[in-house]
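See below for the structure under consideration.
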Amino acid sequence: MSKAEQYKLLVKQIDALAKDVSNPISVMANVSSAIHYTMGFFGTGFYIVHGDTLQLGPFQGNIACYNIPRGKGVCGTAFEQRETIIVPDVEKFPGHIACSSLSRSEIVVPIIDDQHNVKAVLDIDSKELNTFDETDKKYLEKIVRFLSSCID
Ligand code: SME
């Protein structure tokens, strides 16, 4: 199955998973699991915006750092720039925060509400270089657009 086909199934699954669930933490917990195990990533999780800091939310994978200031690391940069960031090689991203030495590439997708505020970021790590491309960006942005309405 191609990556796009896997993502299409994942989008349907998440659609069903997040329907009629009012607790945002519960939705993020199941969505992180669905993405992680469907796509076989190394680490998949959410950081939630509290003021100028991202705080660790639901995730699947290795232990992760608790707090990331706005503008720091890949997550804090995606928060500040309000844009998805694809990192083909984490060692080449200045200021990358290494939660695991096994992580080699990364994608971070901000979750933005109707008022253009960043509410959280989705952070995914891979043990391989160059894992993430425009296909991941397209489908993960679709997933977080949908999530944005569920985690008000
Ligand atoms: N690598 C991230 C930090 C989070 S861990 O990967 C879970 C960053 O540079 O923001």
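Please treat every number below as a calculation from the coordinates, not as lab data. All figures in this text were calculated on a predicted structure; none of them were measured in a lab. Glycine gets a Cβ as well: all are built from the backbone with ideal geometry, and neighbour counts include every protein chain shown.
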Open item on the list: For a 26 Å ceiling on Cα separation, which of these pairs sit above it: Lys72/Lys127; Lys92/Lys137; Lys12/Lys119; Lys8/Lys72; Lys19/Lys127; Lys19/Lys142?
Closed with: Lys8/Lys72; Lys19/Lys127
Open item on the list: Need one number: nm distance between label points at Asp114 and Leu102, each 7 Å from Cα along Cα→Cβ, rounded to one decimal.
Closed with: 4.2 nm
TODO: Rounded to the nearest Å, what's the spacing between the alpha carbon centres of the range 75-152 and the range 1-69? Just the number, please.
DONE: 11 Å
Open item on the list: Placing unit charges on C-beta atoms (Lys and Arg positive, Asp and Glu negative, everything else neutral), compute the dipole magnitude of the chain about its Cα centre in debye, rounded to 20.
Closed with: 140 debye
TODO: Identify which of Phe46, Phe59, Phe93 has the largest mean-square fluctuation in a Gaussian network model of the chain, with springs joining Cα atoms closer than 10 Å.
DONE: Phe93
Open item on the list: Return the Rg/Rh ratio of the range 14-72 with Cα-based radii and a Kirkwood Rh.
Closed with: 1.01
Task: Karplus-derived HN-Hα couplings along the range 118-134 (A = 6.51, B = -1.76, C = 1.60, θ = phi - 60°), whole Hz, x at Gly and Pro - done: 7, 9, 6, 10, 9, 10, 10, 10, 10, 7, 9, 6, 6, 6, 9, 9, 5
Task: 5 angstrom amide H check on Gly57, placed H, neighbours 5+ away - done: Phe46, Tyr47, Ile48
TODO: Rounded to the nearest 500, what is the 222 nm mean residue ellipticity of the chain from helices alone, with -39500 (n - 2.57) per DSSP H run of 4+ residues and division by all residues?
DONE: -12000 deg cm²/dmol
Task: Debye intensity ratio I(q)/I(0), log10, the range 32-100, q values 0.13, 0.20, 0.21, 0.24 Å⁻¹ (C-alpha model) - done: -0.37, -0.89, -0.98, -1.22
Task: Value of Rg/Rh across the chain [Cα atoms, Kirkwood radius] - done: 0.93
